[in-house]
Number of protein chains: 4
Amino acid sequence: MNEFKELMTEIDRFTEERDWDQFHNPKDLALALSIEASELMELYLWKNPEEANIGKVREELADVFNYAFLIASKYQFDVPTIVREKLAKNAQKYPVEKAKGVATKYDEL
Amino acid sequence: MNEFKELMTEIDRFTEERDWDQFHNPKDLALALSIEASELMELYLWKNPEEANIGKVREELADVFNYAFLIASKYQFDVPTIVREKLAKNAQKYPVEKAKGVATKYDEL
Amino acid sequence: MNEFKELMTEIDRFTEERDWDQFHNPKDLALALSIEASELMELYLWKNPEEANIGKVREELADVFNYAFLIASKYQFDVPTIVREKLAKNAQKYPVEKAKGVATKYDEL
Amino acid sequence: MNEFKELMTEIDRFTEERDWDQFHNPKDLALALSIEASELMELYLWKNPEEANIGKVREELADVFNYAFLIASKYQFDVPTIVREKLAKNAQKYPVEKAKGVATKYDEL
C-alpha cells in the first residue's frame, strides 16, 4: 500500500474505532477544517511571521491535514491526483513567463 | 523518493519557478490556507451536506492541501510524522472505551 | 452623540487605556475578526442549528462586533452608512421580483 | 426607534421581502459570517496592512456587519448590550494596570 493510502487508512480507523462517522458529514468536516485552519492562523496573530511557536504550528497543521484527509476519504479522492490536477490548471493560469520577475503584485496577476 | 516528498517537491518547484517565495512567509501562508478552507466551506452554505458540487469540492480541497504542504515545507515538517504524532496524542485524549457508544455528544467528550 | 458613535467610542477607549493600538493594524484586526467568527461557528459544529449554547453565542458574537467596530473605527467608516450602501447594492443585484418565490436555490440566483 | 433597531429592521426587511428567512438558520448564518470575514481578510493577503483597497474593505466589512446583525436579530440580542457586557468582562480579565506599558506580549497577558 502506498504512503498516502496508508496514512489515510490510519486516520479513518481512528474515526471508526470511536463510532464518530455519524458526526462526519462533509459539511461539518468542512467546518472543522476551517476552524482548525483558523486556530493555526491564530498562532501568528499580532506577531511577525517568524514569531509563531513552532511546536504549536506543528500540532495545528496536523489537525488541518487530519480533516483534509477525512474529507478526501469521504469523497474517495486520491490526494496526489487532485493536487497535481490543480497544479496543472494553475500552471495554465499563471504561466512562468508571465508570472516571473514582473513588478505586478502576486494577487493581481 | 517517497510519495509525500515527491508531491511536495513539485509544489515547491511551482513556487520557485515563479519567484513567489518572496510572498510566502508563514503568516501569509496561514492566511491563504484559512481563506481556501473558507472557500471550500462556502460550497456547503445554505445546503444539505450532500448537495455540494463534487467537482468544486475537489478543486477547493486541492487548494487547501497545496497551502498546507507549502507550510509543512517551510518548516521542514514530515507530514506523515506530524499527523501520526497528533493521532497518538488524540488517542490518549479520547480512548476508545470512553469515546465509543456513549450518548455524550462528540464535542463534550 | 448617537448610539453607534457612543458604543464605538467606548470600544476605542478600552484599547487606548491599554496601549493596544500598537498591535491593531488593519491586517491583524481582520485576522482577529476572522478568528472570532470561526469561534462563533465552532458553537454549531457537529450540531443541529438550534443546539448551540445561547450564552456562548452571545459572547462570541460580541467579540465579532468588537473587532468589526475596531476596523470601522480605524478607517473612520460610519457603520449605518456602509451597511445601507451595501443593502442598496444588493437590492439591485437581487430584485424582489426575481429573488422571491422562485424555486431557484438562494446561492444560484 | 433607536439607531441600532432601525438599521436591524431594514436588514430584516430585506430578507423578508425575498423569503430568504427559510435559509437563515443560525448555523448557516454563522458560516456566512465566517466566509465574509475571510473575504475581508483576503484583501490583506500577501500585502502590508496599509495596502488593502479601502473601497473593497468598506464593502466586505458591510457584509460582515450584515450577517452579524442577522444573527443578533435571530436571537433577539440587543447589540450595544452584549458588546458592553463583553467589554466589562474583558476589563476584569485585562485590568489597565496589568495590561498597560508592560513588555509582555498582548497575546500572552
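How far apart are the B:Glu16 label points across copies, placing each 7 Å from Cα toward Cβ, in nm, shortest first?
Computed spacing set for this position: 3.9, 5.3, 6.2 nm.
Taking Cα atoms, how many degrees apart are the long axis of helix D:79-93 and the longest axis of chain D, rounded to 10 and kept between 0 and 90?
20 degrees
Out of A:Glu50, A:Glu60, A:Glu16, any idea which swings most in a Gaussian network model of chain A, alpha carbons joined below 10 Å?
Taking springs between Cα atoms under 10 Å, the residue moving most is A:Glu50.
Tell me which D residue has its C-beta closest to the axis rotating D onto B, and the distance in Å?
Closest Cβ to the D-to-B rotation axis, residue and whole-Å distance: D:Ser38, 2.
Classify chain D: rounded, prolate or oblate, from the alpha-carbon gyration tensor (a ≥ b ≥ c, eigenvalue square roots; a/c under 1.5 rounded; otherwise prolate if a/b is larger than b/c)? All intermediate terms of the calculation are to be shown ahead of the outcome.
On the way: a/c = 2.37, a/b = 1.39, b/c = 1.70.
Judged from the Cα gyration tensor, chain D comes out oblate (a/c at least 1.5, b/c at or above a/b).
First check a/c for the range B:20-67, with a ≥ b ≥ c the square roots of the eigenvalues of its C-alpha gyration tensor; if it is under 1.5, answer rounded, and if not, answer prolate when a/b is larger than b/c or oblate otherwise. Kindly include the intermediate steps, with their values, before the conclusion.
Details: a/c = 4.59, a/b = 2.43, b/c = 1.89.
Prolate, because a/c is 1.5 or more and a/b exceeds b/c.
What are the nm distances, shortest first, from A:Tyr75 to its equivalents in the other copies, labels at 7 Å along Cα→Cβ?
2.5, 3.2, 3.2
Could you tell me the center-to-center distance, by alpha carbons, between the range B:22-52 and the range C:77-92 in angstrom?
If we compute the Cα centre of each part, the gap is 26 Å.
Distance cut-off 30 Å, Cα to Cα: go down the list A:Lys5/A:Lys98; A:Lys27/C:Lys93; A:Lys47/A:Lys89 and report the pairs above it. Write down the numbers at each step before the final one.
Values: A:Lys5/A:Lys98 37 Å; A:Lys27/C:Lys93 27 Å; A:Lys47/A:Lys89 34 Å.
Beyond 30 Å between Cα atoms: A:Lys5/A:Lys98; A:Lys47/A:Lys89.
What does the copy distance list look like for D:Ala91, label position 7 Å along Cα→Cβ, in nm and ordered from shortest?
3.9, 5.1, 6.1
Please list, in order along the range A:16-30, the HN-Hα scalar couplings obtained from phi with the Karplus expression 6.51 cos²θ - 1.76 cosθ + 1.60 (θ = phi - 60°), rounded to whole Hz, x for Gly and Pro.
Result, rounded to whole Hz: 4, 4, 9, 6, 8, 4, 4, 8, 8, 6, x, 5, 5, 5, 5.
Counting each DSSP H run of 4 or more residues in chain A as -39500 (n - 2.57), what helix-only mean residue ellipticity at 222 nm follows after dividing by all residues, to the nearest 500 deg cm²/dmol? Walk me through the numbers on the way to the answer.
Numbers: 5 runs with 72 residues, N = 109.
When only DSSP H runs of four or more count, the value is -21500 deg cm²/dmol.
Please label the shape of the range A:1-40 as rounded, prolate or oblate, based on the square roots a ≥ b ≥ c of the eigenvalues of the alpha-carbon gyration tensor (a/c under 1.5 means rounded; beyond that, a/b larger than b/c means prolate, else oblate).
Taking the square roots of the gyration eigenvalues as a ≥ b ≥ c, the range A:1-40 is oblate.
Write down the Å³ per residue value for the convex hull defined by the alpha carbon atoms of the protein assembly as shown. Spell out each step's value before the answer.
Values: hull volume 69.9 nm³, N = 436.
So the per-residue Cα hull volume is 160 Å³.
What is the sum of charges around B:Lys86, taking Lys and Arg as +1, Asp and Glu as -1, for the other residues whose C-beta is under 14 Å from the C-beta of B:Lys86?
-3
Whole-Hz ³J(HN,Hα) for each residue in the range A:40-46, computed from phi via Karplus 6.51 cos²θ - 1.76 cosθ + 1.60 with θ = phi - 60°, x for glycine and proline: what do you get?
Values per residue, Gly and Pro as x: 4, 4, 4, 5, 9, 5, 6 Hz.
Can you tell me the relative contact order of the range D:3-109? Whole percent, Cα pairs under 8 Å, sequence separation 6 or more.
Across the range D:3-109, relative contact order equals 29 percent.
Bear in mind these aren't lab numbers, they're just calculated from the coordinates by the rules spelled out. In this text, all values refer to a predicted model and were calculated from it rather than measured experimentally. We place every Cβ from the backbone using ideal geometry, glycine too, and count neighbours over all the protein chains shown.
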